[in-house]
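Since the structure comes first, as structure tokens, the remarks are kept for the end.
No value in this document is a laboratory result; all are computed from the given coordinates. Bear in mind that the values here come from a model prediction, so they are computed numbers and not experimental data.
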Amino acid sequence: RPIGRIYSTESARTRVAAPLGPHPLLVDALHDRLTEAGWPTHAPRTSAVVLASAGSRAPASRADTARTAALLAARLGVPVMPAYASAAAPTVPEAVGTLTAQGYRRIAIASNFTAPGRFAAECAAAAPWIAASPLGTHPAMARLLLHRYDEALKAGSASERRVPATP
């Protein structure tokens, strides 16, 4: 006789947290990773940064990346151009080319990736100067994750949805 899976008829309550960025804690992590890679305390006027992100066709995602780039630019005092590894433009090499054409000579790549991988490696390879490591285990990332978790809990039923429990 066949043995089938038994599924619970109960549902699990889930909440969806907001994206990690834009947020000052994300900018703290990006800044620290750039500093670890060799970003100077007082960057010359010929310096700029490309904020390398995965990419998305979703306008809200690109807007969040642009706001994160603006926050990082304010922190560093240099232009920061958002760019993408996939699904959106400009690509990281295109952004580097644009900044070079505008006269910037020291262009760094800020890695807006949570972990090493293909996208992070390809974006770092496009760096004409320095490339920051992925955000990974930076303490500000842990604080940001907990902050987003707390926000989702406080949002309560507004962000709750029911999904079937897994076997």
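Of A101, A73, A131, which has the largest mean-square fluctuation in a 10 Å C-alpha GNM of the chain?
A101
If I compute semi-axes √(5λ) of the Cα gyration tensor in Å from the structure I just sent, which labelled value in [x] 37, 18, 14; [y] 27, 21, 14; [z] 24, 20, 16 lines up?
Calculated semi-axes √(5λ) of the Cα gyration tensor in Å: the matching label is [x].
Could you tell me how many degrees, from 0 to 90 and to the nearest 10, lie between the Cα long axis of helix 92-101 and the main elongation axis, the longest principal axis, of the Cα atoms of the chain?
So the inclination is approximately 20 degrees.
Tabulate in residue order the Karplus-calculated ³J(HN,Hα) for region 114-123, using 6.51 cos²θ - 1.76 cosθ + 1.60 with θ = phi - 60°, rounded to whole Hz; enter x for Gly and Pro.
Computed from phi, the couplings for region 114-123 are 7, 8, x, x, 4, 4, 4, 5, 5, 5 Hz.
Evaluate the relative contact order of the chain (contact order divided by residue number), counting alpha-carbon pairs under 8 angstrom at least 6 apart; express in whole percent.
On the way: 284 pairs, mean separation 60.2, N = 167.
Relative CO of the chain lands at 36 percent.
Using DSSP, restrict attention to beta bridges with both residues in the chain and report what percent are antiparallel, rounded to the nearest 5.
Numbers: 5 of 18 bridges.
Of the beta bridges lying entirely in the chain, close to 30 percent run antiparallel.
Report the residue, chosen from R45, R118, R13, that carries the largest GNM mean-square fluctuation when the chain is represented by alpha-carbon nodes joined by springs under 10 Å.
Judging by the Gaussian network model, the answer is R13.
For the chain, what does the helix formula give at 222 nm: sum of -39500 (n - 2.57) over DSSP H segments with n ≥ 4, over the residue count, nearest 500 deg cm²/dmol? Don't jump to the answer; show the numbers that get you there.
Details: 5 runs with 67 residues, N = 167.
Result for the chain, helices only: -13000 deg cm²/dmol.
Can you list residues from other chains, or at least 5 along the same chain, whose modelled amide H is less than 5 Å from the amide H of M81?
Counting only residues 5 or more places away or on other chains, the set is V49, V50, L51.
May I ask you to evaluate 6.51 cos²θ - 1.76 cosθ + 1.60, the Karplus curve with θ = phi - 60°, for each residue of region 70-82 and list the ³J(HN,Hα) values in order in whole Hz, giving x for glycine and proline?
Result, ordered by residue: 5, 5, 5, 4, 5, 5, 8, x, 9, x, 10, 9, x Hz.
Kindly write out, for region 49-56 in residue order, the coupling ³J(HN,Hα) from the Karplus curve 6.51 cos²θ - 1.76 cosθ + 1.60 (θ = phi - 60°), rounded to whole Hz, with x marking Gly and Pro.
So the Karplus estimates, Gly and Pro as x, are 10, 9, 8, 8, 10, 4, x, 7 Hz.
So between T41 and S86, what do we pick up on full extension, going 0.36 nm a residue minus the alpha carbon distance? Provide the component values of the computation, followed by the final result.
On the way: separation 45, 0.36 × 45 = 16.20 nm, distance 3.13 nm.
Taking 0.36 nm per residue and subtracting the Cα distance, the gain is 13.1 nm.
Connecting C-alpha atoms closer than 10 Å in a GNM of the chain, tell me which of S111, S61, S53 has the biggest fluctuation.
Highest fluctuation among the options: S61.
Could you tell me the relative contact order of region 79-162? Use alpha-carbon pairs under 8 Å, at least six residues apart, and round to a whole percent. List each step's numbers first, then the result.
Working: 74 pairs, mean separation 18.5, N = 84.
Result for region 79-162 is 22 percent.
Amide H neighbours of F113 under 5 Å, counting only residues 5+ apart in sequence or on other chains, H built in-plane at 1.01 Å?
Correct list: L135.
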